[in-house]
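Asker: Pasting a structure here, questions to come.
The values are calculated or read from the model by the stated rules, or taken from the named source; none is laboratory data. From a predicted model like this one, the values you see are computed outputs, not experimental measurements. In this analysis, Cβ positions are derived from the backbone assuming ideal geometry, glycine residues included, and neighbour counts consider all displayed protein chains. The accessibility values were calculated without ligands, DNA or RNA, using every heavy atom of the protein model including side chains. Shrake-Rupley method; radii C 1.70, N 1.55, O 1.52, S 1.80 Å.
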Amino acid sequence: MTDFDAIIARDQRIEPRDRMPDAYRATMVRQIAQHAHSEIIGMQPEGRWITRAPSLRRKAILLAKVQDEAGHGLYLYAAAETLGADRADLTAKLISGAQKYSSIFNYPSLTFADVGVIGWLVDGAAICNQVPLCRTSYGPYARAMIRICKEESFHQRQGYELLMTMMRGTPAQREMVQDAVDRWWWPSLMMFGPPDAESPNTARSMAWKIKRHSNDELRQRFVDMSVPQADALGIRLPDPELRWNEERGHYDFGEVDWEEFRRVIAGDGPCNAERIAVRRAAHEEGAWVREAASAHAAKRVGRAA
Amino acid sequence: MSWPLWEVFIRARRGLNHVHAGSLRAADEAMALHNARDLYTRRAEGVSIWVVRSEHITASSPEERDPFFAPNADKIYRHPTFYEIPDDVPHI
């Protein structure tokens, strides 16, 4: 048994300078980078509502939330760098499409109710995925996840509170919430990834204790959590097959449109091109700032010498 | 061209040590401190921040872990429980 296997077997964390299988390192870099990219791209659907938030209170909250997403992306890029990945290279791979981000962010945020639904459902699904990752086997990733999970709880609660406020409003506001839920429910279920039977990497990731639960387990957990929340809100989840199964002790729910999932992952979602174009523009238009900061730092070092 | 990597250490409250929080990229010390504040203390997590260039840290090697720490393994007399004192002796 190698040191690596022994550490995993004892349920301890792998740390950056430990010897690890190449495939573990590559899987970790891919997963952490994809996660970081998701946080960074995830700033866009809500970010576009900052200037149009209906009150100063909502604007301040939304600004803080989007700033958190940026922070989460940076914690994760830092974790990826401990494995030898280079941040500039990761950004280049995001922009070129060589690395993916969560398919959920390729859907548009059409109304202000979407801001609430993203907080409630999208961040809620993210929390379901992320809480077990606080115990993932790679130390820097687990530590980043602990920090992120603490902050995500604010994200979900602000979204739910926003929706409760709208549901107490006019019929038009209630319709707006229902419409947003109708559009985001199924893509939220897709956030847990393909069904277990079609998730080839799951077994190895579980053996390495990167993952602690399968995609379908987490999806079920999310459905079970969301149904009573939807009832309390007074909205309907858009699934005619959704019903309590006494025998299983879980809610049964309909089949996700996996064809749509694959299409969006492959680049053909409503906003794929726009998300990457915005990220590319931010990167290219910010180049002079990065260069100026480097030039300034070099000049100061030169003076001190 | 990319900015150097910095390690960030945060003192959560007066009376505690600075503890490693993570790392970040910044062009110079001033920017590293500002970025560390924005990245790692958005919710009053700290009262003091240290930043240090990652390349200036020297670390022990995990490969040598066992031999490196071996000298402390067989010195159980460094621990108070090594010494047997009768139960009826107070305050010791």
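Asker: Taking the stated definitions as given, is A:A60 surrounded by fewer than 16 Cβ atoms within 10 Å (Cβ to Cβ) and at pLDDT 95 or above?
Answerer: Against the criterion (surrounded by fewer than 16 Cβ atoms within 10 Å (Cβ to Cβ) and at pLDDT 95 or above), A:A60 qualifies.
Asker: Residues that are under 29 Å from B:R43 (Cβ atoms) and within 14 Å of chain B (Cβ to nearest Cβ): which helices (runs of 4 or more DSSP H) entirely in region A:1-120 hold 3 or more of them?
Answerer: Fully inside region A:1-120 and qualifying: A:22-41, A:56-81, A:87-96.
Asker: Collect the residues in region A:131-146 that are crowded, with 20+ Cβ neighbours inside 10 Å and assigned to a helix (DSSP H, G or I), keeping them in residue-number order.
Answerer: A:L133, A:P140, A:Y141, A:A144, A:M145, listed by residue number.
Asker: Another one. Evaluate the following for B:D87: is it modelled with pLDDT of 90 or more, surrounded by 15 or more Cβ atoms within 10 Å (Cβ to Cβ) and at negative phi?
Answerer: no
Asker: A further question follows. Restricted to region B:52-67, and to residues that are facing chain A (nearest Cβ under 10 Å) and exposed (fewer than 10 other Cβ atoms within 10 Å of the Cβ), which residue is nearest to A:L63 (Cα to Cα)?
Answerer: Ranking the qualifying residues of region B:52-67, first place goes to B:A59.
Asker: Would you confirm whether any residue within region A:285-300 is closer than 20 Å to A:L94 by Cβ, assigned to a helix (DSSP H, G or I) and more than 14 Å from chain B (Cβ to nearest Cβ)?
Answerer: Yes: one or more hits.
Asker: Could you tell me which residue of region A:234-287 is most open to solvent (accessible area, probe 1.4 Å), considering only residues that are closer than 20 Å to A:Q220 by Cα and aliphatic (A, V, I, L, M)?
Answerer: Here the answer is A:L242.
Asker: Could you check A:A98 against (1) within 25 Å of B:R25 (Cα to Cα); (2) surrounded by 19 or more Cβ atoms within 10 Å (Cβ to Cβ); (3) not acidic (D, E) and say which number it fails?
Answerer: Of (1) within 25 Å of B:R25 (Cα to Cα); (2) surrounded by 19 or more Cβ atoms within 10 Å (Cβ to Cβ); (3) not acidic (D, E), only one is false for A:A98: (2).
Asker: What are the residues in region B:50-72 that are assigned to a loop (DSSP other than H, G, I, E, B), among the polar types (S, T, N, Q) and at pLDDT 85 or above, if any?
Answerer: B:T58, B:S60
Asker: Taking the conditions exactly as written (outside any helix (DSSP H, G or I) and either at pLDDT below 95 or more than 30 Å from A:M20 (Cα to Cα) (or both)), does A:R212 satisfy them or not?
Answerer: Yes: the conditions hold for A:R212.
Asker: Also, I was wondering about something else. If I ask for residues that are over 30 Å from A:F4 (Cα atoms) and either among the charged types (D, E, K, R) or within 17 Å of the chain's Cα centre (by Cα) (or both), which ones from region A:192-221 would you list?
Answerer: A:R219, A:R221
Asker: Let me ask another. Of all residues in region B:34-51 being open to solvent by 80 Å² or more (accessible area, probe 1.4 Å) and of a type in the set (A, V, I, L, M, F, W, C), which is nearest to A:D89 (Cα to Cα)?
Answerer: B:W50
Asker: Right, here's the next one. May I ask you to list the residues in region A:269-305 that are in contact (Cβ under 8 Å) with a residue 12 or more places away in the chain and of a type in the set (S, T, N, Q)?
Answerer: The one that is in contact (Cβ under 8 Å) with a residue 12 or more places away in the chain and of a type in the set (S, T, N, Q): A:N272.
Asker: Right, something else. So A:R236 fits all but one of (1) within 27 Å of the chain's Cα centre (by Cα); (2) under 29 Å from A:G73 (Cβ atoms); what number is the exception?
Answerer: Unmet condition: (2).
Asker: Check B:A70, B:A27, B:A12 and return the single one that is within 11 Å of another protein chain (Cβ to nearest Cβ) and among the small types (G, A, S).
Answerer: Only one candidate qualifies: B:A27.
Asker: Taking the criterion of being open to solvent by 30 Å² or more (accessible area, probe 1.4 Å), within 30 Å of A:F112 (Cα to Cα) and out of contact with any Cys (no Cβ under 9 Å at 6 or more places or on another chain), would at least one residue in region A:202-212 satisfy it?
Answerer: No, region A:202-212 contains no residue that is open to solvent by 30 Å² or more (accessible area, probe 1.4 Å), within 30 Å of A:F112 (Cα to Cα) and out of contact with any Cys (no Cβ under 9 Å at 6 or more places or on another chain).
Asker: Also, quick follow-up: Inside region A:147-160, can you point out the residues that are under 30 Å from A:E15 (Cβ atoms) and open to solvent by 10 Å² or more (accessible area, probe 1.4 Å)?
Answerer: Result: A:R147, A:C149, A:K150, A:S153, A:F154.
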